[in-house]
Each structure stands twice: as structure tokens, then as C-alpha cells.
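Participant: Before I ask anything, let me first share the structure, which is written out below as C-alpha cells.
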2 protein chains.
Amino acid sequence: MSNYYLRPAALTLIVLVLGCTNQSDTDLGATVARKVILIIGDGMDDQQITIARNYLVGSQGQLSMDTMPFRGAVQVQAVAEDDPSKPVYVADSANSATTMAGGVLTSRGRVGTTAQTDEDIVTIMELASAAGMGTGIVTTASITDATPASFIAHINQRYCQRSIDMVRMNETFPQFSTDCSRDYKANGGRGSISEQIAASQVNIILGGGADHFNDFIEGSFEITVLEAARSNGFEVIWNRSELTKLPNNKKIMGLFSPGTMPVKYRGVDGGEARLIAREAGQVKWPEPFICEANPDFENLPTLAEMARVALDHLDNHAGFMLMIESASIDKESHYRRPCGHIGELSQLNDAVRIALDYGESHPETLILVTADHGSAAHIISQTSSLAPQNYATPGHFARVLTPEGSIMGINYASNDSPLWDEHSGVQVPIFASGPGANDLPTFIRQADIFKISASHLGLLDTGLRK
Amino acid sequence: MSNYYLRPAALTLIVLVLGCTNQSDTDLGATVARKVILIIGDGMDDQQITIARNYLVGSQGQLSMDTMPFRGAVQVQAVAEDDPSKPVYVADSANSATTMAGGVLTSRGRVGTTAQTDEDIVTIMELASAAGMGTGIVTTASITDATPASFIAHINQRYCQRSIDMVRMNETFPQFSTDCSRDYKANGGRGSISEQIAASQVNIILGGGADHFNDFIEGSFEITVLEAARSNGFEVIWNRSELTKLPNNKKIMGLFSPGTMPVKYRGVDGGEARLIAREAGQVKWPEPFICEANPDFENLPTLAEMARVALDHLDNHAGFMLMIESASIDKESHYRRPCGHIGELSQLNDAVRIALDYGESHPETLILVTADHGSAAHIISQTSSLAPQNYATPGHFARVLTPEGSIMGINYASNDSPLWDEHSGVQVPIFASGPGANDLPTFIRQADIFKISASHLGLLDTGLRK
């Protein structure tokens, strides 16, 4: 265990950990390794699940997550940076992942740090590492993106992925009130997110984001972040083929694309949501389109393949914490591309299948599937039910022709930006299987996901279970 | 049992019923009365629940439904009128209530009849009556509105509430492809919805819609629909005070307002969602508002009071089927009035409390709480996260100041009609408590709600339970 974790806040929690490891709140003995697989569909609210189900398996089909024995709802949690006693009803991926990873509420944009006071929040990955368990992160985003970062790193601004971003951000995004300069290593901080990941104890981390590891370590003109990761024991891999021959005794960092990994599907002929056109005052409904394979996706590892490799790599540990993120449900919804988020949810669903299969043969495994926040996509009629009066959505609209031969109307109307739609503050689903899953409360908050995971791993006694 | 029910389709099902009544799929003996309370929040999707929770009990609180031991998701079901083999992804209250009441899919606008073939669909209320059980309907809508009507009546168009509507509809709403003329009594049909309710066997029916009972029965110039109801054994009541002294040996029809019952809350100073204004190109965010009591609601019975009276009235039957609808979650969302749907969900939540209390002392009661379809209301940031670039929703937007001191942004942007927003095709939640609740699958379809209810009442053996 490196000194990295031995900050005062972490120490307090680790003492708690040691006091709890023998406790058993399930019927599994203390000698059995405890395992948690937390699968996060970024932006995967009930709209997204319904859209994907309708397209992928039809209105009579069911997804893998639909077969899980427990389903509940999770209140998304964020607080105001200028007054953390006040709730903010719409979250982003950074603050919500921080809360799921560490059990503490924070403000939007923050990664593993508290609102206003900017203190580090110890994450479940750090607790698991400290207790000698395995830890893993799998994502279709850059591994430095908000969700994976919040399980490992501590910084006040999610966009500070590289040390150069810590300067550049204030010029590029003046609307973000925080800057990252206090986290410069030169100022006694931990550095950028990529530098923190390179210095981390995570056993396996797979995803995109190779571009974030080329810079020199802050203050150095000789050592890149990638070289620092290697010095810290990471075997770095770049291709799907390398996934089949991982050294079991090394930490693994897989970087399979320069940034976010390309998604599985795209709309045929560039099909995506557009503003409604009118001709002579009459609504001109957009042409329906179907989804097709995205050629950029072809040679990449799938989320399910990465999940399986991570499980294999962690299987020999005395318990583990694995977080698997399907990142582009949210990103493609921002970009108003229905086939993008449908294909990404299909990837998540395949990863759920891998996790459930693992759970079958490893019944000590608690599997949680949830989302970090809602997104803008909204199923409405394929033409307005008021169409004779010639009304249509004022937002971006797509008509997707499903394999069962019907047209599904998808609306994105949270703002009038030509580029980007926003999140929703809706509660999100949680699915669970494994020990204690059926005893979970049917309504929880995001901080409870930390408590449930930590409790299952024997890292914390929370009394949350009924 | 009147001949009313003895149409061939109904007969087949009734034979099944008699074959099943001794069957026990729970641990309750056959001698114990079986009871189902089905509570439908019209339009109550996860957005609506989150909006109401944030306002009513705060982001750290929980609603009564949040305490129920089972939570699942329900796929909303509709099919195309011109090709019933094709799914339609956005439902209305008529077709979805028909499917929950009768277990058969149909097209939008239809009440208790099949798509295209226009055959009557036997409802759970009719099955329960035929088996000698009590039946009840409580709603904040007109009792002739789509949801209550679909549990009792059979007609091809929900808007044919009075016999005069059966003519008028084709002139007023040419966009609806069906007309009701084939359901004229003169044409061998059952007549309008109000006439069918007046002729029904339901033991207690409470709500609004007095205006729909003043007309003469079709073909008569002497007998009003109300008089026909009285001739059929209904005691008709008009005021909250009359609810306290109901004759136990009569059928009860309560008509507490001319149409839809007024809602509990309204926005202070006329606060509701409006289109975003811009001044000199800059977004002018609307003033936040709070909710206040609606004076029109003051002397009306609450949904919870009506629910309690209905339970008292049905308690002496050998089992019962009671449907309780909170209708204006949807209606107020159509009108883009956040305080309207928040107050209505508060009413539903109080009715859930009454049902749960009844279930405590009558453990043979299965309580189901669900929605018929999603609605347009969507929580987004109170200002755009892209605000410095001056983007805002293109829809109608409200900023609601919650009791916990934060501002919740609510967006309605499914179309650009100045009057009315639309439904969403999102899956909806289901909550359950009582015998077998924890054994329900976590993902079902609307037709399953009929099967679950009928199975619990011993009216049908479906094998749906796990």
C-alpha cells in the first residue's frame, strides 16, 4: 500500500474497514471473496432503456437487465458549489460518479472532491485496494473521462484530463467557475486526471483516451504520462488482439482509441435528429431511418469483451471492485443520434450478460446496473397527435424505423443549441442480482450505491440493508 | 348477473373463471376474500414522480410509493388501428387502460374494444362482478373519461362520453379516424360511455363528470342518463358531506364536479410553463414560482377520502376489484402546469397511503400502483448548462422554487402547439405490496397487469408469477 492513500481522511475510513472485514450480512462466510460489479449506463434513464429495447428486441422482447431479480429507482444527487446545503436537481457524470464511488455529495464538474471545501473523497476503489482486493475499470469513454476518473482521481474540474488542460480550460470554458491550478503538482496537488491514473493502484483499466497520455508529466520535459504509468507497473496495450494474452501479475492499462471509443451503430445515410422543416406552413416529417454498423467500431474490443477480460484478470484476487461504464448512451444523446445511443445500450446489455454469467458461476458476486443521470432523448409519437393542426416538436426530432416495422419518434428538446442537448434530473433505474439484492430498498439515493458496494465488500457497515 | 355480460366472448372467460376460483397461488386459503387495489397515476412516469418528490418531500424525502416492497417497470402497449400486428410506441389513456383492464392490446382512443375488429374486451370489473365480487372505481377525472371508462364500457372512441358526442365528434375532431355511430343503441350498440356506466354493475363509482349525465337516454325524450342510473340501483351523490352516510346495500355514483375535478395546487401568480423570452438576444429566464392551494379544490372530497369510502363500501364483499385513478398528473402536464401535476401526484400519494393502511389490516389485499403512459414534463437545469452561449429550451419552461430553497427547471417540449403537450412512450413504473408482490417479474407489459390482478382474484390462472 503506497503512501498515496494515507492522507488523514483516508486513514479514518481504513480503520473502519479493518473493523468490519469479518462481518457477514449475507450467508456467505468471511473466507469467500466478495465481489462487486457496478455497471453504469451513462445517461441510461427509462427513456433510453425503452428506446433501445424497442429497437433491439422489439416491444415483445426483453433485455438482459430486464431479467434481473431486483429493480429499484435511484434519486440522482448534486449540490450547489456556492452552498452545498442546497440540492441541485440535475447532475452531471462527474458529481454523480463521485457520489456513487465515495458516498459523499458534491457539485457538478467535480471529480472525487467535495463541493466548495475541495477536500478529497476516498473512493471505493481506494478502499478496496487498501484492503488488498482487486480493482478494475472498463469504459467506452476515455479512461480519463468523468465517470471512470471519479473512481480514482481527485480534482475540482473534470475537464482537467491532461496537465495542459489545467491551464487551457479557463480560456476555453469560461462558464466553468472552477479552475484546476490548485491541483498542479507544483502547488502540492495531485496533478491532472491522466497523471493521477498513471500513479494509481488500479489493477486493470480499459477504454479509450490514448491522446491524454502523450504529454510530459508536469514539471518534466523527459517523462511522458504513459512512461510514468509503465514505471508504476502498468502494462500498456493498444489493440483488441493484445487482450487475449495479458500478464496476470501486472497492472493493465488498455488504450484502444485516441479519445472516446467509436460507437456500434450509426443512422443510415447520416440519419440523426434534426429540426422540423415546414413547407408552405405544413410540417414536413423527416424521413425515417434504420441503424447500421459503424465501420469505425469494427476492430475495437466490445464493452463485453473488455468486461470479460477484466473479470478474468481480477478473478484471482481475494475479492474485487469492478466498474464497467457504457459512456456513449449519454454522449450520443447529447449529439441527438438515436442509433448511437441504441448501439451503446446494446453494448451495455451484452456486458450485463457477461456479468450475469460470471455471477452464475461466482454467486458471491453482487451485480448492480444503474445510470448516473437522465438524458434528453424522449419518445413521442412519430407524428404529432395534433398533426392535423400542423404542430410538431420545437426540438430536434428523429423517426427511427424499427425491425418490427413501426416508426419510433425520438425528441431532443432541452435546448436550442445547434450542437448539444442537456441532461435530465429524472430518477434513474437500478437493477441488482447476487447476495442481498432482493433485500435492497426499492428507492435509494446515489450515495447508497457506495454504501451497498462497500457493505458487500466488507469495507463498511452501513446498516442500509433492510 | 344480468344478460349484459352474457355475450359469447364474455361467456368463454366466465367458464374459465369458474374453473379457477378454488385455485390458490398464494398462501391464503380459498375462503379468504381476495382483494385488488389498482392505483393508476395517469401520465405518472419517473419524471413526474421525481418532480413531485423534489417538491413535496425534498430530495432527501420519500413518497409512500417509495416505501413499497416491490418496484418494476411496465412496457406501455398500443397497436396500430390499420394493422394491429404493428406496435405503436406511444399510448393514450384509453388503449392502455383497456389493456390493463382486459389483458388485450388495442389502438389509441379505443375503450374496451379491439383494434380494427372492434370486438368488446371483457374487463376485470365485469369478471369480478360476474363472480360475485365487489367492484369500485374512483377517479379525479369525469367518471366517463378514458381510464375509468375502459374498466366498464365498450366503445370505439373515448370522446363519445354522451350520446350527443357520438354525432358531434366527427365534426369537432376530424383527425380521429373512428366514429361512434355503430355504437348507437339504435344500431344495436351499447350507447355512449355515460349510458354504459349508468347500466353497469359497478358497486361504487366516484369522481367528476356530472355534466355527462344530464342528457336523455338515446331515443328517449323523457329519461335522462342520471335517471337511468337510479333505475339501475345507483344512489347518486353530489357532495363531500354525503360520503359519510352511504347506504351499504345500494350501488353508489358520486359526481362531485361538472367535469374533471379541480386540482389541489396551482402556481402562485398564474405560474405555469411559458416559452422563453429573449431581450436583445439574451435569454430572459422566467421568474421562479411556488405552488399554492387551489381554492376551487377546497370543498371537494380528496382522492384519499374517496378511496377510503370506496374501501369501506367494498369491504363487506367476498373480495373486490378497486381501481383508483389520479387523472390530472397527465392533464396538467398537457397544460404545462407543474403545480397542477405536483398537487395531483400528492393526491395519488395520499391515496396510496390509504391503500397501504388498508393492506396492513387486510393482508389478503394486493396493491398495485402504476401509470398508463408517460407525459411531456422533463426536469432540466434551471438555466441551460450552456447558458453563457445563451441557449435555452425551445419548449415551454417553468422554474419552480421548491421548499428546500432550490430551483427546479421543468420543460415541456413535445410540440409547438400553444395549448397542449403530448404523451411519451417511455416505460412506466409499477409498485406492489401484498401477497405475491415480491414474486412479480421486475419487467412486465401492461397486459400482465390484467393477468396479475385476475390471478390474485382467482379469476384466471395465468402462470405469470415466477
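Participant: If you add up the charges near A:PRO429, with Lys and Arg at +1 and Asp and Glu at -1, over every other residue whose beta carbon is less than 11 angstrom from its beta carbon, what do you get?
Facilitator: Working: positive: A:ARG71, B:ARG71; negative: A:ASP45, A:ASP46, A:ASP66, B:ASP46.
So the surrounding residues net to -2.
Participant: Check which residues have an amide H placed less than 5 Å from A:THR224's amide H, if you skip close sequence neighbours.
Facilitator: So A:THR224 has HN proximity to A:ILE217.
Participant: Further, regarding this structure: With contacts defined as alpha carbon pairs under 8 Å and 6 or more residues apart, what's the relative contact order of chain B in percent?
Facilitator: Details: 1125 pairs, mean separation 122.1, N = 466.
Dividing the mean separation by the residue count of chain B yields 26 percent.
Participant: Moving on. Please tell me the relative contact order of the stretch B:213-284 in percent, rounded to the nearest whole number, where contacts are Cα pairs under 8 Å and at least six residues apart.
Facilitator: Working: 51 pairs, mean separation 13.0, N = 72.
Taking the mean separation of contacting Cα pairs over the length of the stretch B:213-284, I get 18 percent.
Participant: Between A:ALA387 and the same site in the other copies, what are the distances in nm, shortest first, taking label points 7 Å from Cα along the C-beta direction?
Facilitator: 3.8
Participant: A further question on this structure: Can you tell me the dipole magnitude for the stretch A:271-322 around its Cα centre, using point charges on the Cβ only (Lys, Arg +1; Asp, Glu -1), in Debye to the nearest 20? Mind showing how you got there, number by number?
Facilitator: On the way: 4 positive and 9 negative charges, 73 e Å.
Taking the Cα centre of the stretch A:271-322 as origin, the dipole is about 340 debye.
Participant: List the distances, in nm to one decimal, from the label point of B:PRO247 to the label points of the same position in every other copy, shortest first, placing each label point 7 Å from Cα along the Cα-to-Cβ direction.
Facilitator: Label point to label point, same position, other copies: 9.1 nm.
Participant: Continuing with the same structure: Output wanted: per-residue J couplings in Hz (rounded whole) for the stretch B:117-133, from phi through Karplus 6.51 cos²θ - 1.76 cosθ + 1.60, θ = phi - 60°, x for Gly and Pro.
Facilitator: 7, 6, 8, 5, 10, 5, 9, 4, 5, 5, 5, 5, 4, 4, 8, x, 8
Participant: With point charges of +1 on the Cβ of Lys and Arg and -1 on the Cβ of Asp and Glu, referenced to the Cα centre of chain A, which listed residue (A:ALA447, A:LEU243, A:SER375) lies farthest in the positive direction of the dipole?
Facilitator: A:ALA447
Participant: If you don't mind, another one. Tell me, what HN-Hα J-couplings in whole Hz come from the Karplus equation 6.51 cos²θ - 1.76 cosθ + 1.60 at θ = phi - 60° for each residue of the stretch B:254-265, using x for Gly and Pro?
Facilitator: Going residue by residue, I get x, 10, 9, 7, x, x, 4, 6, x, 8, 6, 10 Hz, with x marking Gly and Pro.
Participant: Amide H of B:SER414 versus every other amide H placed in the peptide plane: which residues, excluding those fewer than 5 positions away on the same chain, fall under 5 Å?
Facilitator: Hits under the 5 Å cutoff: B:GLU422.
Participant: Right, next: With an 8 Å Cα cut-off and a minimum separation of 6 or more residues, compute the relative contact order for the stretch B:251-304 in percent.
Facilitator: Values: 41 pairs, mean separation 23.3, N = 54.
With pairs under 8 Å counted, the relative contact order is 43 percent.
Participant: Quote the charge dipole size of the protein assembly as shown about the Cα centre in Debye, to the nearest 20; the model charges only the Cβ of Lys and Arg (+1) and of Asp and Glu (-1).
Facilitator: Details: 68 positive and 106 negative charges, 112 e Å.
Roughly 540 debye, rounded to the nearest 20.
Participant: Rg/Rh for the stretch A:280-345 to two decimals, with Rh computed the Kirkwood way over all alpha-carbon pairs.
Facilitator: Values: Rg = 18.3 Å, Rh = 15.1 Å.
With Rg and the Kirkwood Rh in hand, the quotient comes to 1.21.
Participant: Given label points at 7 Å from Cα along Cα→Cβ, what nm distances, shortest first, separate B:GLN62 from the same residue in every other copy?
Facilitator: So the label point of B:GLN62 gives 2.5 nm to the other copies.
Participant: In this model, which of A:LYS35/A:LYS250; A:LYS185/A:LYS451; B:LYS35/B:LYS251; B:LYS35/B:LYS250 are farther than 23 Å apart at the alpha-carbon? Don't skip to the end; give the middle numbers.
Facilitator: Working: A:LYS35/A:LYS250 20 Å; A:LYS185/A:LYS451 31 Å; B:LYS35/B:LYS251 18 Å; B:LYS35/B:LYS250 20 Å.
In this structure, A:LYS185/A:LYS451 exceed 23 Å between Cα atoms.
Participant: Sticking with this one: Within straight cross-link reach of A:LYS284, meaning Cα distance under 21 Å, which lysines are found once same-chain residues fewer than 8 apart are removed?
Facilitator: Candidates past the 8-residue exclusion: nothing left.
Participant: Using unit Cβ charges (K, R positive; D, E negative) and no other charged atoms, how large, in debye to the nearest 20, is the dipole of the stretch B:298-344 about its Cα centre? Numbers along the way, then the final one.
Facilitator: Details: 4 positive and 8 negative charges, 42 e Å.
Charge dipole of the stretch B:298-344: 200 debye, to the nearest 20.
Participant: Semi-axes of the equivalent ellipsoid of the protein assembly as shown: what are they in whole Å, largest first, if each equals the square root of 5 times a C-alpha gyration tensor eigenvalue? Could the numbers behind the result be given before it?
Facilitator: Working: eigenvalues 515, 174, 123 Å².
For the protein assembly as shown, the semi-axes come out at 51, 30, 25 Å.
Participant: Per-residue HN-Hα couplings for the stretch A:349-360, Karplus 6.51 cos²θ - 1.76 cosθ + 1.60 at θ = phi - 60°, whole Hz, x for Gly and Pro?
Facilitator: Result, rounded to whole Hz: 4, 5, 5, 4, 4, 4, 5, 5, 4, 4, x, 4.
Participant: Can you list the lysines whose alpha carbon is less than 19 Å from that of B:LYS86, not counting same-chain residues fewer than 8 positions off?
Facilitator: Straight-line reach from B:LYS86, under 19 Å: no lysines qualify.
Participant: What's the local net charge at B:PHE289, with K and R +1, D and E -1, over the other residues with C-beta under 14 Å away? Present the calculation step by step, with values, prior to reporting the outcome.
Facilitator: Working: positive: B:ARG266, B:ARG274, B:ARG336, B:ARG337, B:ARG399; negative: B:ASP269, B:GLU272, B:GLU287, B:GLU292.
Overall, the nearby charge balance is +1.
Participant: With the Cα gyration tensor of chain A in hand, give its eigenvalues times 5 under a square root as the equivalent ellipsoid semi-axes, listed largest first in whole angstrom.
Facilitator: Details: eigenvalues 250, 131, 96 Å².
Each semi-axis is the square root of five times an eigenvalue, giving 35, 26, 22 Å.
Participant: Another one. 5 Å is the cut-off here: which amide hydrogens, built 1.01 Å from N in the peptide plane, fall below it relative to B:GLU325, excluding neighbours closer than 5 in sequence?
Facilitator: For B:GLU325, whose amide H was placed from the backbone, the distant partners under 5 Å are B:ILE40, B:VAL138, B:THR139, B:THR140.
Participant: Considering only DSSP beta bridges whose two residues both sit in chain A, what percent are antiparallel, to the nearest 5? Provide the component values of the computation, followed by the final result.
Facilitator: Details: 32 of 68 bridges.
The antiparallel fraction comes to roughly 45 percent.
Only the coordinates and a few stated rules stand behind these numbers; no lab work does. Just so it is clear, the structure is predicted and the values come from calculations on it, not from any experiment. Here the Cβ is made from the backbone with ideal geometry for all residues, glycine too, and neighbour counts use every protein chain on show.
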